[in-house]
Amino acid sequence: MSRSVSCLSEEDQEFDEIKNAAAAFYRANRVPEELERALGELFFQNPEDVHGYLANYFTKLSSQPLISRLNGKEVYDSRGQLCAEAEVFCMICNKEKRMSSAAISSHLGQKDPFLDWQAKSEERVYHVKTAVHWIVEPLNKMLKEQNPCDQSDVDQKLSNFFMARHQEEKEIKEKEESHSTSEQEVEVPSSPPEKKKEKKTDKKKKGSSEKPFCPAEPPEPLLPGCLAIGSVSLAVAKSGAQIKGMPLYKYIRALKNPEDQARFHIPVSLVTLLSCGKTSPGKLNLLEEVILIPNAGQQVKQVLNSPTTPLIITMTTQLQKEMMRIMSTSSKAGVTQAILSDSGVLPVNFDRPEQALDLITEACNNLALELGTEIHLAMNCAGPDLMDYDREQWEKLSSVIGQSCVLLSDKTNKPQAPPLPGVTGHILKHINEITVSDLISVTSELQGSVLLGTTSNESCDDDSLSDIAVGLGLDYVKLGGLASAERMTKYNRLVSIEEELAQQGILVSKEQHSPPLFTETEEEVV
C-alpha cells in the first residue's frame, strides 16, 4: 500500500507541475484575457457560424506572416517559350501557405524573331535556368523570415544582390578581355606595317566626302538571370497585397503615397492597330506601328449610368474588323489577305506611311468615327534607325516637329539619364531587374506624362500590369492588340478595376483627369 501511495504522490506532483507551467504559459501569452473577450463578443454578436467567428477573431491576433521560402519554376507562355516564375510561400497561423507567383518579361523578345532563332532559344533557356537557380538558392536564403509587407526592404536586398552579381560579371569580363588583348599583342603581324597603313589611308580618302552616321546605341549589357529580380519583387508585392486584404493597385498606391487612397483614374489605353517595321512584309521599316489613342475619360467598357460613352474595346474592335474587310476586298497593290498576328495586330504589306494612314482613315469614315475628335493616332517610329544618339539630333528633331507631334523617351533601363530636349513623355516597362520600388521611384521623379508599356513578348497571362499602371497613377498604358490571353487578361483587369472604382465612388472623371501628353488637336505622335 505504501508503494502505491508513493506512486500516486509522484504522479500528482508531476501533474501539478504541468498545470502550473500551463497556467504560466497561458498568462504570458494573454490567453485567458483574449478568450474571455472573444467569448463575450461572441455572445453579443450571436453569429450563425460560431466557430468561424472565433477563427476570424483569433486570426487577427496571429503573428505577422513571414516568408518561409521562395520557389522558382520553369513555365511556358502561350507561345510555347520558356519563362521563369517565382512563387512566394509564407507561414500563416503556423501553416505554410502559397501566397502568389509572378513571371515578368525579359529582354529576349527581339525585333527580328526569325533570325538565328536557335541561338536565341538557347540564350532564353540559359537566362531562365539561371533565374530559377537564383530564386531557389541565394534569393530563397536571403529573403527567408522577411516580412512580405516591407516592400522597400525586400527590393533593396534584391537590388543589392543584383548589383553584386553584376559587379562580379563585370570583373570576369574585364579579366577575359585583358587576357585576350595580351595574346593579340604577342601575335606576329600577317602583313607588313606599310601595307596596313596604305589600306587605312585609302579607306579614309574614300569616306572623306561622306558624313558618317553614328551607329545605333549599343544595348545595355544584361546579366543572365536578371529577370528573377523583377519576378520576385512582383510576387512579394502581390503577397503583401493579399495579406493586407486589398487589391494590388491599392496596395501599390499605398506604397507610393499612403495618404492618397481616395481618388483613382484609369490610364488611357493605347491600342495597337497596325504593325509595320522590319518584321512585317513591305518596305515600310521606319514606321513600326500605328496606335489608337482614345480621348481621356473614355470608358474601357460601357457602364450602366453612361450608355452614350464611347467604349474603347468595342470601338477598336469595330475599327479593326473594318480594316480587315477593306484589306481583304481591296485589289490595290500591296494589300493582302488580312490576318491578325499572334499579338492581335494587323501586319501590313505597305511601302509608304501614307498607305497605313489612308487605310485607317477609310475605315474611320465607314464607321463615322471622327479622327482628331473621337480618336487620335500615334505613330511609333523606329528611332534607332532614324537618327543617332547625340543631343544635337534630338534638338533638331524637337524643333522640327513643333506642336504636331510629341517625343517619348524610354526610361526603363536608364532612369537616371539626363533629360533629352523636347521630350514630354516617358515609357516604362516592368522587365528584368526592375523592382516595384524602382517603378515607384521613377514615376515619382519624372515630370510629364508616363506610359507603362508591354514588351514584345509578355511572359505569361498575368494581369498585374494593369494594377501597376492604376496604382502608380499613370496617364497611359500600352497593352498591345486586342487578342491572345496575354493581353486580354490585362484589358479585362482594367475593366474590373474601372467597375470597382465606379461602384466605390472614387473613379475620377474626364473633367478631373485630362492627361497632358495628347491634346485634342494632336493626331500623330513620334
Practice prompt. Pop out the carbon and sulfur fraction of the accessible area of region 22-100 as a percent, whole number, probe 1.4 Å.
Written response: 54 percent
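As a test of reading the structure, rank 438, 77 by solvent-accessible area (1.4 Å probe, protein chains only), most first.
Numbers: 438 55, 77 15 Å².
Largest accessible area first, the list is 438, 77.
Checking the table 157/238; 97/478; 144/238 against a 27 Å threshold on Cα-Cα, which pairs fail?
Values: 157/238 17 Å; 97/478 34 Å; 144/238 17 Å.
Check vs 27 Å cut-off fails for 97/478.
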Worksheet entry | Per-residue SASA entry for residue 76, accessible area with 1.4 Å probe, Å² rounded to 10 | 150 Å²
Fill in: Positive-end residue of 93, 32, 64, charge dipole of region 1-94 with Cβ unit charges
64
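Go through region 1-104 and name the GluC sites (Glu not before Pro) that are in a DSSP coil and have 11 or fewer other Cβ atoms within 10 Å of their Cβ. Spell out each step's value before the answer.
Numbers: sites: 10, 11, 14, 17, 33, 34, 36, 41, 48, 74, 85, 87, 96; in loops: 48.
Hits after loop and neighbour filter: 48.
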Worksheet item: Tell me, what is the 1.4 Å probe accessible area of residue 73, in Å² to the nearest 10?
Response: 80 Å²
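First measure r as the distance between the Cβ atoms of residue 172 and residue 257, then evaluate 1/(1 + (r/R0)^6) with R0 = 45 Å and state the FRET efficiency to the nearest 0.05. Mind dumping the intermediate values first?
On the way: r = 41 Å, r/R0 = 0.92.
Efficiency for this residue pair is about 0.60.
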Worksheet, complete the sentence: Under a 1.4 Å probe, counting only protein heavy atoms, residue 98 has an accessible area in Å², nearest 10, of 110 Å²
Practice prompt. Mind checking region 343-372 for GluC sites (Glu not before Pro) that DSSP puts in a loop (not H, G, I, E or B) and that have at most 10 other Cβ atoms within 10 Å?
Written response: 370
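The values are calculated or read from the model by the stated rules, or taken from the named source; none is laboratory data. What you are looking at is a predicted structure, and each value in this text was computed from that prediction instead of being measured. Here the Cβ is made from the backbone with ideal geometry for all residues, glycine too, and neighbour counts use every protein chain on show. To get the accessible areas, we keep the full protein, side chains included, count just its heavy atoms, and leave off ligands, DNA and RNA. Shrake-Rupley method; radii C 1.70, N 1.55, O 1.52, S 1.80 Å.
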